[in-house]
1. Please express the Cα-Cα pair-distance distribution P(r) of the range 141-181 as a list of whole percents, one per 10 Å bin, running from 0 to the bin with the greatest distance.
2. Tell me, what is the 1.4 Å probe accessible area of Asp615, in Å² to the nearest 10?
3. Based on the alpha-carbon set only, what is the convex hull volume of the chain divided per residue, in Å³?
4. Using a 1.4 Å probe, how large is the accessible area of Phe198, given in Å² and rounded to the nearest 10?
5. State the dimensionless ratio Rg/Rh of the range 550-599 (Rg: radius of gyration of Cα atoms; Rh: Kirkwood radius).
6. Whole number in Å², please: accessible area per residue of the chain, 1.4 Å probe, ligands, DNA and RNA not counted.
7. Could you work out Rg/(2.2 N^0.38 Å) for the range 126-217, with Rg from alpha carbons only?
8. How tilted is helix 2-51 with respect to the longest principal axis of the chain? Cα atoms for both, answer in degrees (0 to 90, nearest 10).
Amino acid sequence: MYHLIVFLPLIGFLIAGLFGRLIGARGSEIVTTSLLIVSALLSWVAFVQVGFGSGTTRVQVASWISSGQLQVDWAFRVDTLTAVMLVVVNTVSSLVHLYSIGYMHEDPHRPRFFAYLSLFTFAMLMLVTSDNLVQMFFGWEGVGLASYLLIGFWYQKPSANAAAMKAFIVNRVGDFGFSLGIFLVFVLFGSVGFDAIFPRAGELASQSFRFLGYDWNAMTLTCLLLFMGAMGKSAQFLLHTWLPDAMEGPTPVSALIHAATMVTAGVFMLARLSPLFEYAPVALTVVVVIGATTAFFAATVGLVQNDIKRVIAYSTCSQLGYMFVALGVGNYGAGIFHLFTHAFFKALLFLGAGSVIHAMHHEQDMRHMGGLRKHIPLTAAAMTIGTLALTGFPFLAGYFSKDAIIESAYAAHSAAATSYAFPLLVIAACMTSFYSWRLYFMTFEGKPRWGHGHDSHGHGHDDHAHAAHGHDDHSHGHGHDHTPHESPWVMLIPLAVLSIGAVAAGFVFKEAFIGHDFEKFWKAALFMGKENHILHAMHEVPKWVVWSPFVAMVIGFVLAYLMYVRWPEIPGKLAAANPALYQFLLNKWYFDELYDFLFVRPSKWLGRFLWKKGDGLVIDGFGPDGVSARVVDVTNRVVRLQTGYLYHYAFAMLIGVAGLVTWYLVARG
């Protein structure tokens, strides 16, 4: 069964990739989507068997690397954590495949698109089933490669190419730290297999390691390097800049990257390596600080974005911060629980946004929407459910997981969590509610702003150059006069399924993930040290702490309603009254400009200098090219002596004789 779960997406990729032209676009869609649906159904079977039964196992696939002390198998580690991730990845991916049949129906390159989607899914499955760090790194890099291909799918667009390159390069920064962490694990433990390193983590808790001229605690250094990889892949503060630009890919790609796969890889990695992190309290404190900062930072930027997909992208960034705070305070179950619930409502929001974009003839600027609820009621209903779940409305999915994280932050026995993370998470919850309802009100309520040739200012991130793909695109630069239309059933079915998950995933699985059935459900898949009592402490926080996220949610909703329904002129006046703050948030705290100044421009200058001066002037001028050029110059001059005139040769002979006589006389004298 586990072979089928993992390899069916790979088979779909190979069929669509190699035989796409032969079987056509429709054949590629049907093959890849059918295989993913089978894989998703089997994943739910595995989830029930492992989580609620005794199906924990290890599946050997092949012996992979054998080099001296390094022995690496290709094997599936199937425990509850794996089963949860299989459900998340394959469920969302299968729904995204199904949705893409409708969304991408006009694109001429559908076989390539569906092949890339299946490759992405396979790489993620390799990551979450890994039994050792090398296999995890293989899946990790495979996800990075597939994301590069998908973000830059419309390669005719320079902005899509730039976004794909940016995602790839920024992730390389984090992956460099991750690879160093893997090397250090091998140096310390002599193995990269989880079964070999986890039991010995306690032995090395007090060991030191010399790095960059300083003595570090070995476990702290290892975990910080590994977390660096998670920061890149999960778009945490300082390595977050690639995530919003990833919106250049098609909307189904955004749902796949932001909901279930790539960005959750870092969260999964920390949860999987919980036996190491439990013995590195300093590293966990760093995780808390970075996570809380990310949650707050991304929420502030989301307040003012006008592109419907970018608002949801910054929401993802913020929610990932919540997950890392949960991991940092030792409540690994809450972190994975939020990953689980977030996958449903965030995929719902992204695919709902895609349905809006489809209805609006590929317009993405919310300032050119409004009043859409009457025209696309089913999409509006799905977006309402997704928004309620995201903001933490009582008894929906986000309410259980997000509130548990906020309570854990307060209950944790560290100043970083209680004094720093807790207030930031509550403020971020308020902002999340505000920008989520702002998106809903600007898109679905109020007067239509799309029917009369509106000037299309400020939306340079349209879904793609649709004209190049045969799309009937009437929105770029001049608005459109077409009545918005509801999406086809093949796009609405995934919205319906995800809506069920966004409503039910919280209360159905709460007890298993973070409640009374914790031990029975996880079965040691998550390691919690003897001094880790966060599960009990989070239930003993004061009542005002329990109520704080709900109050924050209500405040955010009321502010959004007043500013975008009752008095829609207020936002413009606020922006005009605070231009510096508005531009600061609109330009994402100027991180892109800062990185461009600090890293991009110097790198380009150095590259150009080495090319022009180093390669062109020195190597080509004085190296092999230079020597060959001088030889050619000399021979060209010598050749000129060969004129063919007899008197020239006689004159040359006379000079030679005169020279010989002169040398003889001087030498004799």
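1. Pair shares across the bins are 32, 47, 17, 4.
2. Approximately 70 Å² of Asp615 is accessible to the 1.4 Å probe.
3. On the way: hull volume 169.8 nm³, N = 669.
About 254 Å³ per residue, rounded to a whole number.
4. Rounded to the nearest 10, the figure is 40 Å².
5. Numbers: Rg = 15.2 Å, Rh = 12.9 Å.
Dividing the radius of gyration by the Kirkwood radius yields 1.17.
6. It amounts to 41 Å² per residue over the chain.
7. Normalised Rg, Cα atoms only: 1.42.
8. 50
The values are calculated or read from the model by the stated rules, or taken from the named source; none is laboratory data. Predicted model, so just to flag it, every value in this text is computed and none were measured. In this analysis, Cβ positions are derived from the backbone assuming ideal geometry, glycine residues included, and neighbour counts consider all displayed protein chains. In case anyone asks, the SASA skips ligands and DNA or RNA and just uses the protein heavy atoms, side chains included. Shrake-Rupley method; radii C 1.70, N 1.55, O 1.52, S 1.80 Å.
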